[in-house]
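Notes follow once the structure below has been shown.
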Amino acid sequence: MEAGYHHFLNAFFLIIICTLSIFLQSHITEAAVPKGMQSAAVDHCQRKCGSSKIPYPFGMSKGCYLDQTFEVRCNHSTGSASLAWLDWQVDSISISTHTLRRKDFVVSALPQIAKPGETWKTSLPIFPLNNHYSISHTRNTFVALGCDIYVYIVDNETREFQGGCASLCRSPLVPSWSCSGLNCCQINLPKDLTALTLWIETMNTLTKDPCRFFTFIEKDFLRLSNIKFSACNQSYVVPVIYEWAVGNTSCHKATDYVCGKNTECIDYSPVKGYRCKCSSGYRGNPYHPHGCQDIDECANQKDNECPTKHRCFNVEGGFFCLPSRRHMFAELFPIGTGLAVGLVILVSIGIWTWRKLKKIKKKKMKNKYFKRNGGLRLQQQRSPAGGSVLLELTLFRIEELEKATDKFSQSRILGKGGLGTVYKGMLSDGRIIAVKKANIIDNGDQVGQFINEVLILSQINYRHIVKLLGCCLEAEVPLLVYEYVSNGTLADHLHNEPNSSSFSWKNRLRIAAEVAGALAYLHSCASTAIFHRDIKSSNILLDENYKAVLSDFGLSRSVSIDKTHLTTFVGGTFGYLDPEYFRSGQLNDKSDVYAFGVVLAEILTGQKAISSVKDDQGLALRFRSAVKENCLFEILEQVVVYEGEKEEILAVAQLAKRCLKINARKRPSMKEVAAELEQLRKKKEVPAYQESFQDEYRAMSENCYSFGIDSQAEGEQTMFRMD
């Protein structure tokens, strides 16, 4: 009995010494090997010891294992392998299950207990071992063998009861295959149990067999019945399954990550390490530097599980199945036909709905633009009470004008101004037109200017005033459609080379007379006078025969004859602006006379109303000074000096000087200006020019239209525009 007790103590101290050895050797690490060199070394390593395979990270020679905790020694004479640093006999290592089968786990013998009911206890470490190895709780069990004993285990940390079993006596001492209580009982190991206390209590001391044993053992070990327990002082060994992991920390904290390509990292909770496994669709050793390789599932039908009459297609990390062509056609034809018909119906409904909604939306937008662009006010004017002339105005559709101008192409631009851009276009009937597209309208003043121009031009039919054909109100900005005048503006011919040098005096004088006649018509030939307010050379258009046409009536105002018009904002262009109108805001016909005087000065000198010189005070001041100081011919254009007669030039210059007087009362009326210019133009052409001209103007006055345009209320705000 004493010998058995000493045998138990020896086994117990052996366990303690092994545990301390494991702890000390956990700090032994192997020098790091570069990954490229490690890969080459791993590929040429011996991987078998006898019948046992030694996969990486285990290895038998330096450079063939991950570190010293995975070193395996091989006894080539016996063909047996052992884990070097623990001196465990190993007969199998699995990468897929991360297990190692140790075959020499020592069975511990219990001391003899003298009295019935006496209790004996001891502590047993289970795991972890060096953060790499732990006893598997799923593949092992705890076994007690002997007569009439009761065994139970307690968790060392929580002090909680974890399980127990009873082994009753039966002679001879041979355990049953089931180890279910006759001479042998077993306890399943709890998960995450790191250390336990073993309690053993005797139930009867009358048994003649005093030998009792306890051990961890592999569940699938079937040769347990062949162990002979006849001698209590002998040593017995059994196989035990250990789980293993790599590293000493979790996956996301690992600094020296050992998992290869196409792998996954899994934290291992029993120890402070992690495991590597091949990703889905890959196979191989996840610890190998080259990682796992793609599985060709199509090479083996068991791997792909594709149905019959289907073809397997392998892809990286997986596969997919497709039916054969005949089978696919037979299955998909009716489905495809139904889907096609359904798709056609859905698409047709979708297109119809989309077009319907687009048409409704477009109609709403057109109505919105029509109201914003002053359409309701124009409709009121187009009523029978608004005048018969306005009824003839054409309302164009936006689609018609977009087609005429190639959707307002940049190549169709004729010119740009402060209020909009003018495009050249051609209607479906072949007429050439000019389309004025207003700038973005953001206030009521701009709408008012647009309506004002429409109302004025729609009631004027004079050969030297641009003809308004119609307008479009359903676009984002209002559009005005004019007759096309093909030869540019007067400013182009006066200020741009080589036009200015070839622009004859005869044409200049005739254009001045025609523009003056148009202004006289606006001022004098109606019960309601029309003041243009923006006379300048760039608003005078010329056709192919250099016939003048007055345009841009956006700032025009209609005022009763012999009345003045008070404005809170002065409208016009710098260089042409009447100084007295600028100071007082009192608009009358003499403001247009002043601007026309600047145009006459441009015709004579070829100079711009405002030059780019910083201190320039304007052409009007320079021209008056030149006439006053008798140095007129120094500023005249050469073609005027060469082609014009001195008397004619001086007469036009004096007329321009009178038009440019600061005091508006001392300026002539446009009717007087037109008469003098017409006299000068016809002086050589018609002998009886004076009587003929007076008769012509008398007839013109008698046949003038009576417009009936309502006068603007005093105090109406206008906009000052700078071009």
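The values are calculated or read from the model by the stated rules, or taken from the named source; none is laboratory data. Please read all numbers here as calculations on a predicted model, not as lab measurements. Because the Cβ atoms are built from the backbone with ideal geometry, glycine has one as well, and the counts that use them run over all protein chains shown.
Residues considered: Cys321, Cys312, Cys276. Of these, the only one that is assigned to a strand (DSSP E or B), under 20 Å from Tyr56 (Cβ atoms) and outside the structural domain of Ile93 (by TED's automatic domain parsing) is Cys276. Of the residues in the range 461-472, at least one is of a type outside the set (S, T, N, Q), at pLDDT below 90 and either assigned to a loop (DSSP other than H, G, I, E, B) or in the same structural domain as Gly644 (by TED's automatic domain parsing) (or both).
Condition first: in a loop (DSSP other than H, G, I, E, B) and either at pLDDT 60 or above or within 11 Å of Cys147 (Cα to Cα) (or both). Now tell me which residues in the range 158-176 satisfy that.
Of the residues in the range 158-176, the ones in a loop (DSSP other than H, G, I, E, B) are 158-160, 169-176.
Once the filter is applied, which keeps residues that are in a loop (DSSP other than H, G, I, E, B) and either at pLDDT 60 or above or within 11 Å of Cys147 (Cα to Cα) (or both), the range 158-176 yields Thr158, Arg159, Glu160, Cys169, Arg170, Ser171, Pro172, Leu173, Val174, Pro175.
For the range 666-682, which positions are over 19 Å from Arg533 (Cβ atoms) and touching a residue at least 12 places away in the same chain (Cβ under 8 Å)? Residues satisfying the conditions are Ala675, Glu676, Leu677, Glu678, Gln679, Leu680, Arg681. Quick check on the range 509-521. Is at least one of its residues assigned to a loop (DSSP other than H, G, I, E, B), touching a residue at least 12 places away in the same chain (Cβ under 8 Å) and surrounded by fewer than 24 Cβ atoms within 10 Å (Cβ to Cβ)? There is no residue in the range 509-521 that is assigned to a loop (DSSP other than H, G, I, E, B), touching a residue at least 12 places away in the same chain (Cβ under 8 Å) and surrounded by fewer than 24 Cβ atoms within 10 Å (Cβ to Cβ).
Restrict the check to the range 572-588 and report whether at least one residue is crowded, with 23+ Cβ neighbours inside 10 Å, of a type outside the set (D, E, K, R), modelled with pLDDT of 90 or more and over 56 Å from the mean Cα position of the chain (by Cα). No - not one qualifying residue is present in the range 572-588. In the set (1) part of a loop (DSSP other than H, G, I, E, B); (2) under 24 Å from Gly318 (Cβ atoms), the condition left unmet by Ile266 is number (1). Checking each residue in the range 615-630 for being at pLDDT below 90 and touching a Phe, Trp or Tyr at 6+ places or on another chain (Cβ under 9 Å) picks out only Gly618. If you go through the range 251-305 and keep only what is aliphatic (A, V, I, L, M), buried (at least 20 other Cβ atoms within 10 Å of the Cβ) and closer than 24 Å to Ser136 by Cα, you end up with Val258, Val271. Taking Ser611 and the conditions (1) at pLDDT below 90; (2) under 27 Å from Lys436 (Cβ atoms), which numbered condition does it fall short on, given that it satisfies the others? Checking Ser611 against (1) at pLDDT below 90; (2) under 27 Å from Lys436 (Cβ atoms), the one that fails is (2). Of the residues contained in the range 365-377, one or more are found to be under 31 Å from the mean Cα position of the chain (by Cα) and within 25 Å of Glu399 (Cα to Cα). Listed by first and then second residue, the pairs with beta-carbon distance under 6 Å, at least 6 apart or on different chains, first residue in the range 543-556 and assigned by TED's automatic domain parsing to the domain that holds Ser591, second in a loop (DSSP other than H, G, I, E, B) and modelled with pLDDT of 95 or more, form an empty list.
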